[in-house]
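Only one structure is covered here, and it is reproduced in the block below.
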Amino acid sequence: MKRLLFLVLAVAAPLCFAQDFGIILDQKLVLGEGELFPGKAQYAASLIPWIAAPLGKNADLYLSGGITALYENEDFNVLPEVHRFELILNFSPDLRLEIGRVPFQAGLSWIMAGLFDGAQVGLNIGGGRLTGGALFTGLLYKKTAAIYMSLKDRWEYYDNELYFASNRFVTGANWEKNSLFNTGLSLSASALFQFDLNDDAYDRINSQYLGAKIGAPLGNMFHAELGAAAELAQETGIDPYIAFAGSAALQWMLPTAMHDMLTLGGRFSSGAWNDTIGPFIPITAEAQGKVLKPMLSGIAIAQADYTARVHQTLSGTLSAAYYFRTDRFTYTLNNEDMESDSPLLGAEIYLGLGWLPFSDLLLSAGGGVFLPQAGKVFKDGTGVMYRVDVTASISL
């Protein structure tokens with residue numbers, strides 16, 4: 001990784017004198033306490049240089065990489081990482097090819113989202129946008145990629161001696177249309193195929209996904225969004241099974257003097273119900289929530305968010321959520337603390353603030369609690385889990 005970072009900087013240096021470039025300085029402090037929290041203090045400071053360089057009229061180069069000083073679980077590490085690193089070829093206004101470490105997101109972000117190595121092509125067709133990709137995950141930093149589909153993935157994710165993410169190949173396509181039938185309706189659909197390339201022949205998961213999302217304005221003040229996905233999984237040692245997940249949200253632009261909005265919504269995923277229907281396993285584990293942060297597998301969430309821009313430079317969000325288990329096997333967290341088969345996990349409340357005094361300076365802070373005693377899964381006496389995040393980001 002040190003050699004790779006040196007190569008990135010060596011390639012980038014000659015371009016700095018003629019092209020758009022900059023440096024991002026990020027610092028993040030996380031504090032927490034409780035039996036469910038993996039460590040009481042985490043701190044990360046990152047230096048991220050980036051370069052954007054046009055290569056003639058029809059091509060662009062974007063390079064970014066960095067180094068992070070990380071204190072976590074009472075251990076200190078210095079981690080190099082290549083971020084977005086891609087060549088963009090614009091063959092026409094409607095056809096675009098991206099090669100390298102490229103951003104890719106399924107129509108439903110909770111299936112797959114992030115940076116991946118490979119190529120993707122985008123084509124404007126039929127008034128919509130069709131994107132296809134062939135992507136590899138095994139050269140990504142595991143904590144950034146957040147890929148833990150199998151039990152082996154989870155073990156390696158928390159092994160501080162290992163750097164790279166699980167070896168998986170993903171191919172598929174997304175189609176998006178922002179104005180369906182010349183109305184305000186928006187629609188996206190995805191088909192993804194994931195292949196496990198890890199060495200362990202006894203703990204492999206291959207999976208295929210179909211997903212769709214539709215959004216609709218309801219007058220001038222409301223907007224609704226529905227999403228659903230189905231998965232076919234082939235896991236070593238058991239028969240293939242199907243799984244599904246869904247999401248719903250209703251946004252209300254409040255008629256007040258402030259720019260504020262109330263969002264009501266929820267997400268649901270199947271659990272290990274029988275030999276035919278199993279737990280929904282996303283490719284990337286997007287955190288569901290602010291404090292507990294489970295991935296969408298064997299979990300359901302009901303949530304309400306209030307967001308307000310109280311000043312031109314200051315905004316805030318107040319979130320409340322309740323977590324459910326859809327089976328008693330998939331989400332266990334800490335078996336010593338869980339004594340019930342009840343689906344009621346507990347509730348959380350979180351408040352976040354963001355301050356943007358200048359366009360190149362962002363300060364944010366947030367804090368919340370998860371209340372296990374608001375459910376029936378955890379033992380009596382299981383303590384409240386709290387989390388506080390403080391972030392500062394400067395662009396130079």
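We did not get these values from a lab; they are worked out from the coordinates using the rules stated. Nothing here was measured: the structure is a model prediction, and the numbers come from that model. Ideal geometry is used to build each Cβ from the backbone, glycine not excepted, and the neighbour counts take in all protein chains shown.
Just need the relative contact order of the chain here, percent rounded to a whole number, with Cα pairs under 8 Å and 6+ apart.
11 percent
Cα centroid separation, the range 38-92 to the range 276-295: 25 Å.
In plain terms, the bigger the Kirkwood radius, the slower the diffusion; for the range 93-286, with that radius from Cα pairs, at 25 °C and 0.890 mPa s, Stokes-Einstein puts D at 134 µm²/s.
Identify which of Lys376, Lys57, Lys293 has the largest mean-square fluctuation in a Gaussian network model of the chain, with springs joining Cα atoms closer than 10 Å. Result: Lys57 has the largest fluctuation of those listed. Please check: in the Gaussian network model of the chain (C-alpha springs, under 10 Å), which one of Leu361, Leu344, Leu232 has the largest mean-square fluctuation. Sorting by GNM fluctuation, first place goes to Leu361.
When the Cα positions of Pro93, Ala52, Ile299 are compared along the charge dipole of the chain, Pro93 comes out farthest toward the positive end, with charges on each C-beta of Lys, Arg, Asp and Glu. Along its first, second and third principal axes, ordered by size, the chain spans 64, 53, 44 Å in Cα coordinates. For the options Val310, Val291, Val377, a Gaussian network treatment of the chain with springs between C-alpha atoms closer than 10 Å singles out Val310 as fluctuating the most. Over every Cα atom in the range 260-396, the radius of gyration and the widest Cα-Cα span, Dmax, amount to 17.4, 56 Å. When the alpha carbon coordinates of the range 220-322 are projected onto the principal axes, the ranges are 58, 28, 20 Å, largest first.
For the pairs Lys142/Lys290; Lys28/Lys152; Lys142/Lys213; Lys40/Lys290; Lys152/Lys376, flag any whose C-alpha to C-alpha distance is greater than 18 Å.
Working: Lys142/Lys290 20 Å; Lys28/Lys152 29 Å; Lys142/Lys213 28 Å; Lys40/Lys290 16 Å; Lys152/Lys376 30 Å.
With Cα atoms farther than 18 Å apart: Lys142/Lys290; Lys28/Lys152; Lys142/Lys213; Lys152/Lys376.
Residues Met149, Met295, Met261, Met253, arranged from fewest to most other Cβ atoms within 10 angstrom of their Cβ, appear as Met253, Met261, Met295, Met149. Each Lys and Arg Cβ is given +1 and each Asp and Glu Cβ -1; about its Cα centre, the chain then shows a dipole of about 940 debye.
Put in line by how crowded their Cβ is, counting other Cβ atoms within 10 Å and starting with the fewest, Tyr62, Tyr323 read Tyr62, Tyr323.
So what is the calculated 222 nm ellipticity per residue for the chain, using -39500 (n - 2.57) for each DSSP H run with n of 4 or more, over all residues, to the nearest 500 deg cm²/dmol?
On the way: 3 runs with 22 residues, N = 396.
Calculated mean residue ellipticity at 222 nm is -1500 deg cm²/dmol.
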